[in-house]
1. Quick one: how many residues across region 327-361 are surrounded by fewer than 16 Cβ atoms within 10 Å (Cβ to Cβ), at pLDDT below 95 and under 22 Å from Val275 (Cβ atoms)?
2. Among (1) of a type in the set (D, E, K, R); (2) closer than 15 Å to Ala98 by Cβ; (3) not in a helix (DSSP H, G or I), which single condition is Lys176 missing?
3. Against the condition in contact (Cβ under 8 Å) with a residue 40 or more places away in the chain and either in a loop (DSSP other than H, G, I, E, B) or among the aliphatic types (A, V, I, L, M) (or both), how does Val73 come out, does it pass?
4. Looking at Val338 and the list (1) out of contact with any Pro (no Cβ under 9 Å at 6 or more places or on another chain); (2) in contact (Cβ under 8 Å) with a residue 24 or more places away in the chain; (3) among the hydrophobic types (A, V, I, L, M, F, W, C); (4) within 27 Å of Gly160 (Cα to Cα), which single condition is not satisfied?
5. So which residues in region 271-286 are of a type outside the set (Val, Ile, Thr), farther than 19 Å from Cys227 by Cβ and surrounded by 14 or more Cβ atoms within 10 Å (Cβ to Cβ), if there are any at all?
6. Within region 296-346, which residues are in contact with a Ser or Thr (Cβ under 8 Å, 6 or more places away or on another chain) and of a type in the set (Val, Ile, Thr)?
7. Right, Phe163: without any contact (Cβ under 8 Å) to a residue 60 or more places away in the chain and in contact with a helix residue (DSSP H, G or I) (Cβ under 7 Å, 6 or more places away or on another chain) or not?
8. Identify the single condition in (1) touching a His at 6+ places or on another chain (Cβ under 7 Å); (2) at positive phi that Ala172 does not satisfy, given that it satisfies every other one.
Amino acid sequence: MSESQTTYIRPTAQPRREASESRFIQACKRQKPDRTPIWLMRQAGRFMPEFRDIRSRVSFLELCKNSELACEVTVMAVDMLDVDAAIIFADILLPIDALGLGLEYVKGEGPLIHNPIRLATDVAALKPIDVGQSLGYVYKSIELTARALPKHIPLIGFAGAPFTLASYMIEAGGSKTFDKTKSFMYSEPEAWHLLMKKIVDISAQYLNFQVDAGADALQLFDSWVGCLSPTDYERFVLPHTKALIELVSGRVPVIHFGTGTATLLKLMAQAGGDVIGLDWRVNLAEAWLNLGFDKAVQGNLDPTVLLGTREELKLQVARIMKEAASRPGHIFNLGHGVLPMTSPDQVKFLVETVRNSEAAQ
């Protein structure tokens, strides 16, 4: 039996007290840490020479499924960048692989789904999966990483949000227009809601298992939901995302993140989450006011700023810190992931700049 097929047994590990009292967790709870915490989406990724060296020897899926390597790259990023939180190395599409839809990562093209959802009967045919068996390698990665990290560094587990996973399953890969997803949503509403419910059921088990394995916080990635109007979000997405967040809330903080969501933020807050992740297309102060200060926020530097000068980077950091106004509950992050062409030294400089910012004190 391969590692990816090994059934995961829920551990009885004790919570990591220092991690649960960290700057990052304090900010998630809208408490006032001694300074603004910072971590970065895709902080373990292709911009790191060490990561590229590992990837030259194994495929992306092999890296995800090799718990020891996944642990290594997760911890390596924390050690190299000196950030305030780790995020487990995995991918939002791993549950799609577990469902047997034929996930493949093609160089230069990204993920491809060989058996996409196109008909209502395809949704009906999706069978429940044993997440402990089919995704046990992710839980093992989290267990190993929680033990390997410094005690004060919390570990974030994550999953794709229902809309984004459903879109991948229907589009069979990336999309600019999401025409297949939207046409399915409009023409097969019953099948759409059934698909979203099945994704919620799997994702709730998946995320709760991650907490069992040692995750100190969870992030829900709704990377594609910004293609929807507020009306469609409220009708086709909000009930399902809300159901998922309710099923995983209360144990650890939950971050609810999306891109292109300027018109959806209030609805996302209704769907839930202790922290709302903001992309770079919004003013952080205005977005936070719109959300309400009963939510923490995360963000929101444009990742391409890291490709510019250090003077510009300092200006942009100062602007965001000013918008946050030292209010309890701000986690500094990018508005999306670190781009592959980014210099590691520039990323380190960003962390140092945030850490040394007068507004962060």
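1. Residues meeting the conditions: 1.
2. Of the numbered conditions (1) of a type in the set (D, E, K, R); (2) closer than 15 Å to Ala98 by Cβ; (3) not in a helix (DSSP H, G or I), the odd one out for Lys176 is (2).
3. no
4. Going through the list (1) out of contact with any Pro (no Cβ under 9 Å at 6 or more places or on another chain); (2) in contact (Cβ under 8 Å) with a residue 24 or more places away in the chain; (3) among the hydrophobic types (A, V, I, L, M, F, W, C); (4) within 27 Å of Gly160 (Cα to Cα), Val338 breaks only (1).
5. Gly272, Gly273, Asp274, Asn283, Leu284, Ala285, listed by residue number.
6. Val317, Ile331
7. no
8. So Ala172 meets the others, but not (1).
The values are calculated or read from the model by the stated rules, or taken from the named source; none is laboratory data. Model, not experiment: these values are computed from the prediction. For neighbour counting, all protein chains shown are included, and Cβ atoms are generated from backbone atoms with ideal geometry for every residue, glycine included.
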